[in-house]
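Visitor: Take a look at the following structure, please.
The values are calculated or read from the model by the stated rules, or taken from the named source; none is laboratory data. As the structure is a computational prediction, the values presented were derived from the model and not from experiment. Neighbour counts run over all protein chains shown; Cβ positions are idealised from the backbone, glycine included. Just the protein is used for accessible areas: all its heavy atoms, side chains included, with ligands, DNA and RNA removed. Shrake-Rupley method; radii C 1.70, N 1.55, O 1.52, S 1.80 Å.
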Amino acid sequence: MKRVAILISGGGSNMLALADSMAGDHPARAVLILSNDPSAVGLQKAAARGIATAAVDHRPFGKDRAGFEAELLKPLLAAKPDIVCLAGFMRVLTPAFVEGFAGRMLNIHPSLLPKYPGLHTHQRALDAGDLEAGCTVHEVTPVLDDGPILGQARVPVLADDTAETLAARVLKDEHRLYPAVLRRFAAGDRRPLYL
Ligand code: GRF
């Protein structure tokens, strides 16, 4: 049974989709939900599901990323995760932190990587006149939003889309894609999945 820690920064809708997908017959289970924001609503939702939670507020550390990560590692390593999933986690992690979980840290990004790494992905797709958008689950490597692709889901861009309407359409697919990829990954299958 693989132990999965999930890192969040806010509502944690992807975390909930992952946690709920592991509740039944599954090769993994959620052992910790960890946030950089103690007030993250996702922490309350995880606790309501009986999943252990922890938070390390990044704000007191200012620009001291290494200091924040040293604190973050304490509850994370205590949970003994086999796999770490970033799910709406909005802090950039240092190469040293990422390398500590090489080959077993996943992230979901709301674009069809390699297009649009970074932020404001939906507005950028609209500005570019793309006819398709979507989301990508990838292995986390030291280069932001760049690791091996483990899964993608595509959605159409509609003529009257705004960044908000497109984000909502993509988010629905994120909640399908991430659990499907995690199930395969936890079973040792790293072949990319295209929904
Ligand atoms: C989602 O668009 C996800 O792709 C990105 O953060 C957004 C919010 O995710 N990583 P969640 O609702 O907090 O899971």
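Visitor: Could you tell me the calculated FRET efficiency between VAL143 and LYS115, based on Cβ-Cβ distance and R0 = 22 angstrom, to the nearest 0.05?
Guide: Approximately 0.90, to the nearest 0.05.
Visitor: Quantify, in whole percent, the carbon and sulfur part of the accessible surface of segment 150-195 (1.4 Å probe; protein heavy atoms only). If you can, show how the numbers build up before the last one.
Guide: Working: 1400 of 2430 Å².
Solvent-exposed carbon and sulfur of segment 150-195 make up 58 percent of the total.
Visitor: A further question on this structure: With every protein chain left in place, what is the accessible area of GLU132 in Å² (1.4 Å probe, nearest 10)?
Guide: Roughly 90 Å² of GLU132 is accessible to a 1.4 Å probe.
Visitor: Express in nm, to one decimal, how much length is gained between ARG49 and ALA96 on full extension, taking 0.36 nm for each residue of separation and deducting their alpha carbon distance.
Guide: Full-extension gain reported as 13.7 nm.
Visitor: Net charge near ARG190, counting Lys/Arg +1 and Asp/Glu -1 over other residues with Cβ under 13 Å of its Cβ?
Guide: Around ARG190, the surrounding residues sum to +2.
Visitor: Taking K and R as +1 and D and E as -1, what net charge do the other residues with C-beta under 12 Å from the C-beta of ASP145 add up to?
Guide: -1
Visitor: Grab the DSSP H runs of the chain that are 4 residues or longer, score each as -39,500 (n - 2.57), total them, divide by all residues and round the 222 nm result to the nearest 500 deg cm²/dmol.
Guide: Computed mean residue ellipticity for the chain: -10500 deg cm²/dmol.
Visitor: Cα atoms only, segment 107-195: Rg and Dmax in Å?
Guide: Calculated on Cα positions, Rg and Dmax stand at 12.8, 41 Å.
Visitor: Defining a contact as two alpha carbons under 8 Å apart and six or more residues distant in sequence, what relative contact order in percent does the chain show?
Guide: Averaging sequence separation for qualifying contacts and normalising by length gives 20 percent for the chain.
Visitor: In Å, what Kirkwood hydrodynamic radius results for the chain from the alpha-carbon pair distances?
Guide: About 16.9 Å for the chain.
Visitor: How large is ³J(HN,Hα) for each residue in segment 45-56, as worked out from phi by the Karplus curve 6.51 cos²θ - 1.76 cosθ + 1.60 (θ = phi - 60°), to whole Hz, x for Gly and Pro?
Guide: Calculated HN-Hα couplings, in order: 5, 5, 4, 5, 8, x, 9, 4, 10, 7, 9, 10 Hz.
Visitor: Can you compute the modelled spin-label distance between ALA23 and LYS80, with each label point 7 Å from Cα toward Cβ, in nm?
Guide: Label at ALA23, label at LYS80, 2.6 nm between them.
Visitor: Where does each of LYS115, LYS172 land when they are ordered by accessible area, with a 1.4 Å probe and the largest first?
Guide: Per-residue accessible area, sorted high to low, gives LYS172, LYS115.
Visitor: Running a GNM on the chain with Cα contacts under 10 Å, which residue among LEU86, LEU177, LEU77 ends up with the highest mean-square fluctuation?
Guide: Residue with maximal mean-square fluctuation among LEU86, LEU177, LEU77: LEU77.
Visitor: Using 0.36 nm per residue of separation minus the Cα-Cα distance, give me the extension gain between ARG154 and ARG176 in nm, one decimal.
Guide: 6.8 nm
Visitor: Just to check I understand the Karplus step: with θ = phi - 60° and J = 6.51 cos²θ - 1.76 cosθ + 1.60, what whole-Hz values come out for segment 66-71, glycine and proline as x?
Guide: 5, x, 4, 5, 4, 6
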